[in-house]
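For reference, the structure discussed in these notes is given below.
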Amino acid sequence: MTTVAVRVEVNGVSYAREVEPRTLLSDFLRHDCGLTGTHVGCEHGVCGACTVQLDGEPVRACLLFAVQADGRSVRTVEGMAQPDGTLHPLQQAFHETHALQCGFCTAGLLMSLEPWLRDRAGGEPVGEREVREALAGNLCRCTGYEAIVEAVLRVAR
């Protein structure tokens, strides 16, 4: 079986591994890096549960191969909080508004919404409609999205 050397920075830590060319980024993160916050739901890129940030932009880890991340920077939900455990403002808002239930989709939501909010910082006010549009690529089967929208609006203010 052929393997390929990859070096990926994940949450500020460099990981150098030999992987099969067909290894998905989601599997690399979960199995090779031991970071299980990235969940795999549909395995087709539809549900958004596997969303991580690649060089600061949200991507579906179930649709990318680990070799595609070679030499690049990945951020997972484990990399959002401060080293001392202080939650990222978006994580804190999710906590305060009870914006999660089972939690399966939460990491993907956070990884999608954080750069969306970052890109809008200091721009025009964000309303409910814009937040719901930003959420369109992430499925949550437990909530009615109300608390999720409220959490995002809290941070946007």
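Arranged from highest to lowest average of other beta-carbon atoms within 10 Å per residue, in what order do the peptides 147-157, 14-24 appear?
147-157, 14-24
Please build a GNM for the chain, connecting alpha carbons under 10 Å apart, and tell me which residue among Thr86, Thr38, Thr106 fluctuates the most.
Thr86
Taking springs between alpha-carbon atoms closer than 10 angstrom, which of Ala69, Ala136, Ala61 fluctuates most in the Gaussian network model of the chain?
The residue that fluctuates most here is Ala136.
Once the Cβ-Cβ distance between Arg17 and Arg154 is put in as r, and R0 is 41 Å, what FRET efficiency do you end up with, to the nearest 0.05?
Working from the Cβ atoms, E equals 0.60.
Under a point-charge model restricted to the Cβ atoms of Lys and Arg (+1) and Asp and Glu (-1), what is the dipole moment magnitude of region 4-79 relative to its Cα centre, in debye to the nearest 20?
Its charge dipole is roughly 40 debye.
Quick check: convex hull over the Cα atoms of region 89-156, volume per residue in Å³, rounded to an integer?
Per residue, the Cα convex hull of region 89-156 comes to 74 Å³.
How big is the charge dipole of the chain about its Cα centre, in debye rounded to the nearest 20, if each Lys and Arg gets +1 on its Cβ and each Asp and Glu gets -1 on its Cβ?
100
Could you work out the helix-only [θ] at 222 nm for the chain, with each DSSP H run of four or more residues adding -39,500 (n - 2.57) and the total divided by the number of residues, to the nearest 500 deg cm²/dmol?
Rounded to the nearest 500, the figure is -8000 deg cm²/dmol.
Per 0.36 nm of contour for each residue apart, how much would the distance between His31 and Thr2 grow if the chain were fully extended, relative to their Cα-Cα spacing?
Full extension from His31 to Thr2 adds 8.6 nm.
None of the figures in this text is laboratory data; all of them are computed from the coordinates on show. Predicted model, so just to flag it, every value in this text is computed and none were measured. So basically every Cβ, Gly included, is an ideal-geometry build from the backbone, and we count neighbours across all protein chains shown.
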